[in-house]
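Below is one structure; the comments refer to it alone.
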Amino acid sequence: MPQVRINGEVVVNFDGSSPNLLQFLEQQQQAVNYQCREGFCGACRCKLLNGQVSYLQEPLAFVRRGEFLPCCSIPKTDIELEIPK
Amino acid sequence: MAYTTFNRNINDQLKEPMFFGNAVNVSRYDQQKYPIFEKLIEKQLSFFWRPEEIDVSKDRIDFQQLPEHEKHIFISNLKYQTLLDSVQGRSPNVALLPIVSIPELETWIETWAFSETIHSRSYTHIIRNISAEPHKIFDDIMLNERILERAVDVTRYYDDLIDGINLYQRCGEGTHQINGKSEQITLRELKKRLYLCLMSVNVLEAIRFYVSFACSFAFAERELMEGNAKIIRLIARDEALHLTGTQHMLNILASGDDDPEMAEIAKECEEESYAIFMRAAEQEKDWAAYLFKDGSMIGLNKDILCQYVEFITNSRMQAVGLKPRFATTQNPIPWINTWLVSDNVQVAPQESEISSYLVGQIDNEVDTADFGDFDL
Ligand code: FES
Ligand SMILES: [Fe+2]
Ligand SMILES: [Fe+2]
């Protein structure tokens, strides 16, 4: 079960009860921006500081190196992410 | 240099830059330099919708019962959106097709602009329904100072680019005597105009629409003008895709991978890019003030809307590699996101969904007859 470190503080297990990382973060009461929830608008962009995610569907939004889209991904390894402020 | 509709040069399309290379000859997608643009095309096609499929009949009654200041908010936003989509329905084609050099991007531009024509037609659908005199609303767009003010900045960068392309494709680089006037153009200057034009388009689609979107959804949160909100959701979904397309173009250009000179130009244009974003944000705040000049609406007022403009401007700036310039870091109207989610947007291309639209229409008729004497 991959561990998710959020903003350098909270560490939570990704236990599979959320279909994607955006829902997972929302369940942790983290405010993440979103719009489409389908990988094409880019609103949910977060920083991936460590680890890898796998995409459930190929993201159409522009993703810079070191960023990822939580709405259409799940952790592949333990990850460390940062929600932009 | 002159544009040709079927370039006879046998070229390797995979080696062409996105813009200002050889004009496209064969529209082929078996090989692609940037497959993302074909994916955007497919997504856009999967979004296809027609305004006539959305039942707006209940909106007529809602609209009649809105207080005057809310009618002003509603109509003014529609006028502004009509302006924006009038521009967007033609300008990507006119400005970008003469200079694009790869087929998947050419077709994305055409697909993009086509979807804007659906938006334009939807405004007529909405306005015909709420007003017995739709011409008065449309006629005012060309007379309304607040809208015209905006039109200047919305169109300026397109027009500069188009003007430069015309000169360049006719006469080439250099200084030319045109109708007794001396005009100068270089390819580098054109690239700069292209980059700024894309920035300004991104601002148009990623920021300028959102004040209006917020108002539409604020009405719908009160179960008012819901047909309109349904159409606006479809428009917002399309716009989210368009702004992604433009962000891809901007970021590919700025990376220099496509054309090394473009990376320099992106750097050179940084200050002006910031200015384009900041100016648009200020104009949208002024627009919010104009909308609410005679009173706010439930759930929204000028200050909240201005904060939202700042929030969304920050996020759009970051998407194209600029630093956020506003202090606002929280979305002041998080409920708007639930209206912007794409998966529960109802489209009606299949039969089953068309019938659900018909059911909706019948329901609406029952509603109005049953509650005729009551305040809805
Ligand atoms: S919410 Fe649109 S890309 Fe994630
Ligand atoms: Fe549009
Ligand atoms: Fe658009």
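If you go through the range B:205-222 one residue at a time, how many are surrounded by fewer than 23 Cβ atoms within 10 Å (Cβ to Cβ) and closer than 11 Å to B:Asp59 by Cβ?
Result for the range B:205-222: 1.
For the range B:91-178, please list each of the helices (runs of 4 or more DSSP H) lying entirely inside it that holds at least 2 residues being in contact with a Cys (Cβ under 8 Å, 6 or more places away or on another chain) and over 20 Å from B:Ile235 (Cα atoms).
Per the criteria, B:145-171.
Given the conditions (1) of a type in the set (S, T, N, Q); (2) away from ligand 3 (no atom under 16 Å from the Cβ); (3) buried (at least 17 other Cβ atoms within 10 Å of the Cβ), report the number of the one that A:Gln35 does not fulfil.
Only one criterion is unmet by A:Gln35, namely (2).
When you look at B:Val100, is it open to solvent by less than 40 Å² (accessible area, probe 1.4 Å), of a type in the set (A, V, I, L, M) and either free of Cβ contacts under 8 Å to residues at least 40 places away in the same chain or within 15 Å of ligand 3 (Cβ to nearest atom) (or both), yes or no?
no
Report the residue count in the range B:15-34 for those that are open to solvent by 60 Å² or more (accessible area, probe 1.4 Å) and touching a residue at least 40 places away in the same chain (Cβ under 8 Å).
4
Table: residues versus (1) away from ligand 1 (no atom under 16 Å from the Cβ); (2) touching a residue at least 24 places away in the same chain (Cβ under 8 Å); (3) away from chain A (no Cβ under 14 Å); (4) buried (at least 21 other Cβ atoms within 10 Å of the Cβ).
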{"residue": "B:Ile231", "(1), (2), (3), (4)": "yes, yes, yes, yes"}
{"residue": "B:Ala236", "(1), (2), (3), (4)": "no, yes, no, yes"}
{"residue": "B:Gly245", "(1), (2), (3), (4)": "no, yes, no, yes"}
{"residue": "B:Met249", "(1), (2), (3), (4)": "yes, yes, no, yes"}
{"residue": "B:Gly256", "(1), (2), (3), (4)": "yes, no, yes, no"}
{"residue": "B:Ala263", "(1), (2), (3), (4)": "yes, no, yes, no"}
{"residue": "B:Ala266", "(1), (2), (3), (4)": "yes, yes, yes, yes"}
{"residue": "B:Glu284", "(1), (2), (3), (4)": "yes, yes, yes, yes"}
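Taking the stated definitions as given, is B:Thr155 farther than 21 Å from B:Leu241 by Cβ and within 16 Å of ligand 3 (Cβ to nearest atom)?
Judged against the criteria, B:Thr155 is a match.
Against the condition in contact (Cβ under 8 Å) with a residue 12 or more places away in the chain, part of a helix (DSSP H, G or I), open to solvent by 30 Å² or more (accessible area, probe 1.4 Å) and in contact with a Phe, Trp or Tyr (Cβ under 8 Å, 6 or more places away or on another chain), how does B:Lys58 come out, does it pass?
no
The values are calculated or read from the model by the stated rules, or taken from the named source; none is laboratory data. The shown structure was predicted, so the numbers you read here are calculated from the model rather than taken from an experiment. Every residue, glycine as well, gets a Cβ built from its backbone with ideal geometry; the counts of neighbours run over all protein chains shown. Accessible surface is based on the protein model in full, side chains and every heavy atom, while ligands, DNA and RNA are left aside. Shrake-Rupley method; radii C 1.70, N 1.55, O 1.52, S 1.80 Å.
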